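Only one structure is covered here, and it is reproduced in the block below.
Every read-out reported here was derived from the displayed coordinates using simple, explicitly stated rules and does not represent laboratory data. For clarity, every value in this text was computed on a predicted model and none was experimentally measured. Backbone-built Cβ (ideal geometry, glycine too); neighbour counts: all protein chains shown.
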Amino acid sequence: MRVLPTLLTLLLSVPLSLQANNDAQQEFEQQAAVAIKEFASSLKNALMEAMKDGGPIESIAVCNLVAPTIAAEMSKKYGMEIGRTSLRVRNPANEADVWETSVLQQFQNRLNGGEAIQKLTFSEKVETELGSNRRMMKAIPTDKLCLSCHGSKIAEPVQAMIDQYYPEDMATGFKLGDIRGAFTVSREVEDQ
Ligand code: HEC
């Protein structure tokens, strides 16, 4: 008769733990969305300030210094790893890992299938040998402001500056409305 309670506990605990896991993932998603929003607006403000002051040439030096600093500040503030990545990166430090690459490909397929670029987000609990992480990504659209440094017709002095800072740059040739990359957020799952 021991079997019955054990079975009952099992039957009950599986859906309960699934539910708890879903709730935790949802909570993470909400926090990650807030962090991404603040990260995005800080980056855009910094870029617009720099462009106003010195145009694209000066702004490259600013981006080089400021983008990683803002990412580090946001990571600390929200207690999550937060950054940017892309299938074609400018800074090799932003290169996508396997999970990020597959999500970026999924975003491209969803965009091709007619989904709005602003809707492209994805979140998942990811298990690896190193542990378990809650992760989320959100696509970054290419808008007009981006084209002077990521578009197809880059002014020569701007290109020279890009080459100087980023000899392995792959982040040009983007068109208006393309997925430029994505915000990427990750938090370790500790309660296991
Ligand atoms: C003044 C030139 C300039 C403009 C304009 C610009 N970027 Fe960038 N972008 C850079 C530089 C420089 C980096 C590398 C930053 C670093 O070292 O982390 C970069 C990196 C990125 C990355 C991180 C992935 C990677 O390639 O390393 C994304 C995503 C990105 N930019 C998106 C955008 C978007 C979206 C816009 C328009 C809203 C934009 N950028 C406008 C210069 C620019």
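Quick notes on this structure:
- Summarising the label geometry, the points placed 7 Å from Cα in the beta-carbon direction at ALA40 and ASP163 lie 3.5 nm from one another.
- Candidate cross-link partners of LYS37 among the lysines, defined by an alpha-carbon separation under 19 Å and a same-chain spacing of 8 or more, comprise LYS76, LYS77, LYS119, LYS138.
- In straight-distance terms, cross-link reach from LYS52 covers every one of the lysines whose alpha-carbon lies under 16 Å from its own, apart from those fewer than eight places away in the same chain; here that gives LYS44, LYS144.
- THR142, THR69 arranged by Cβ crowding within 10 Å, fewest neighbours leading: THR69, THR142
- GluC sites (Glu not before Pro) within segment 85-134, DSSP loop, no more than 11 other Cβ atoms inside 10 Å: GLU129
- For segment 3-188, the convex hull drawn through the C-alpha positions has a volume of 134 cubic angstrom per residue.
- Net charge dipole, segment 19-146: roughly 340 debye, given to the nearest 20, about the Cα centre with Cβ charges of +1 for Lys and Arg and -1 for Asp and Glu.
- Centroid-to-centroid, using Cα positions, segment 25-79 and segment 95-130 are 20 Å apart.
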